[in-house]
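Beneath this line is the structure, given in structure tokens, with notes to follow.
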Amino acid sequence: MRAFHSNWTKPFFLKHTGEYYVEDFELLTSILSALKWQELNGDIQMVTDAVGAAYYKKIGLEKIWNLGIDDSLEQNMKKVLSPSTFWAAGKLYALEKQNGPCVMLDTDFIIWQSIGEELLKHDLAVIHREDLQEAVYPSQDQLKVSKTYTFSKHWDWSIEACNTAFTCFNDEVFKDYYVKESIRFMQNVEAEDPLIYMVFAEQRLLAMCAVERGIDIFSFSTTESLFHSNQKLFTHIWGYKRYIKSHPVIRAHFCKRCIARIKQDYPSIFPLLYQIENLIPYLS
């Protein structure tokens with residue numbers, strides 16, 4: 001199964017000046033995510049913009065993705081979107097250019113097992129569903145959109161959203177419809193918010209479009225089992241990132257564990273880590 005990572009760098013520069021970089025812990029999950037996918041499930045590509053491509057090549061990581069780095073992301077974004085509101089829009093524009101079947105995989109998400117046979121059974125597979133908490137997924141009338149935009153009357157607003165850190169599309173026609181609706185929504189939002197509009201476009205719309213089109217949604221996990229000790233399928237550090245950044249001891253421990261796993265499973269890749277300046281403190 002072909003997969004892709006994506007990285008739109010423009011949101012980075014809202015909070016940073018100077019040269020672009022990726023945090024040490026997320027560089028390490030990116031490496032493990034890409035290599036584990038290749039080992040167990042298929043090919044993978046990085047879709048990014050010119051800044052992202054130059055960064056990965058500068059630190060010597062271009063060989064991590066066996067399908068290479070596609071730097072055309074910025075050129076494919078048809079309309080300038082607010083990077084503060086739509087910080088994850090890059091993955092949807094990257095998805096637009098992918099041929100199905102394909103897997104959309106976040107760089108902070110690692111799959112530790114072979115799941116190819118299971119993926120082939122489903123038109124749409126996600127890692128888990130999400131409850132419709134009002135603070136994250138408000139009602140339709142609270143979303144501020146342009147007067148010319150209309151929500152489909154066929155969308156069911158009671159359907160649980162889909163977490164899209166890992167998403168497999170086996171139906172290319174449906175994939176194209178979902179992306180079209182997601183981009184159409186983002187291009188018609190008339191408000192700034194760092195959360196609700198992005199997760200609507202990315203996660204809630206996916207579930208509503210699937211139900212509208214009669215596409216069954218398969219989930220590998222549930223919210224109840226996400227952090228259970230018996231859960232061995234995946235690692236997703238999204239909710240853990242802020243904690244890692246603000247706790248240096250935990251950060252160092254996490255990075256060293258990732259490095260040890262890379263050294264154990266991919267000894268030919270391990271020497272590359274010495275070329276990456278912000279990883280050197282963890283290599284001694």
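Quick notes on this one:
- Set side by side, the residues SER158, SER114 differ, and just one is closer than 26 Å to THR29 by Cα, hydroxyl-bearing (Ser, Thr, Tyr) and open to solvent by 60 Å² or more (accessible area, probe 1.4 Å), which is SER114.
- Restricted to the stretch 135-149, and to residues there that are open to solvent by less than 80 Å² (accessible area, probe 1.4 Å) and touching a strand residue (DSSP E or B) at 6+ places or on another chain (Cβ under 9 Å), the residue that is nearest to VAL189 (Cα to Cα) is VAL145.
- Any hit, the stretch 26-46, residues being of a type in the set (Val, Ile, Thr), in a helix (DSSP H, G or I), under 15 Å from the mean Cα position of the chain (by Cα) and modelled with pLDDT of 95 or more: yes
- Just one of (1) farther than 30 Å from LEU143 by Cβ; (2) touching an Asp or Glu at 6+ places or on another chain (Cβ under 8 Å); (3) in a loop (DSSP other than H, G, I, E, B) fails for VAL22. It is (2).
- Flag if LYS232 is part of a loop (DSSP other than H, G, I, E, B) and either among the charged types (D, E, K, R) or on the phi > 0 side of the Ramachandran plot (or both): yes
- Some residue of the stretch 71-90 being open to solvent by less than 20 Å² (accessible area, probe 1.4 Å), modelled with pLDDT of 95 or more, closer than 28 Å to HIS253 by Cβ and in contact with a Phe, Trp or Tyr (Cβ under 7 Å, 6 or more places away or on another chain): no
- Residue within the stretch 55-67 that is touching a strand residue (DSSP E or B) at 6+ places or on another chain (Cβ under 8 Å), part of a loop (DSSP other than H, G, I, E, B), modelled with pLDDT of 95 or more and surrounded by fewer than 21 Cβ atoms within 10 Å (Cβ to Cβ) present: yes
- Residues in the stretch 242-284 that are in contact (Cβ under 8 Å) with a residue 60 or more places away in the chain and of a type in the set (Lys, Arg) were compared, and the one that is surrounded by the fewest Cβ atoms within 10 Å (Cβ to Cβ) is LYS245.
- Considering the stretch 173-225, and only residues there that are open to solvent by 50 Å² or more (accessible area, probe 1.4 Å), over 19 Å from the mean Cα position of the chain (by Cα) and touching a residue at least 60 places away in the same chain (Cβ under 8 Å), the residue that is nearest to LEU105 (Cα to Cα) turns out to be ASP216.
For (1) in contact with a Pro (Cβ under 8 Å, 6 or more places away or on another chain); (2) aromatic (Phe, Trp, Tyr); (3) within 28 Å of GLN38 (Cβ to Cβ); (4) in a helix (DSSP H, G or I), each residue gets a yes or a no:
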{"site": "LEU95", "(1), (2), (3), (4)": "no, no, yes, yes"}
{"site": "VAL126", "(1), (2), (3), (4)": "no, no, yes, no"}
{"site": "SER152", "(1), (2), (3), (4)": "no, no, no, no"}
{"site": "CYS162", "(1), (2), (3), (4)": "no, no, yes, no"}
{"site": "LYS180", "(1), (2), (3), (4)": "no, no, no, yes"}
{"site": "ALA207", "(1), (2), (3), (4)": "no, no, no, yes"}
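- Selected residue (only one of LEU67, LEU120 is over 22 Å from LEU272 (Cα atoms) and aliphatic (A, V, I, L, M)): LEU120
The values are calculated or read from the model by the stated rules, or taken from the named source; none is laboratory data. Values in this document were obtained by computation on a predicted structure and should not be read as measured data. Because the Cβ atoms are built from the backbone with ideal geometry, glycine has one as well, and the counts that use them run over all protein chains shown. In case anyone asks, the SASA skips ligands and DNA or RNA and just uses the protein heavy atoms, side chains included. Shrake-Rupley method; radii C 1.70, N 1.55, O 1.52, S 1.80 Å.
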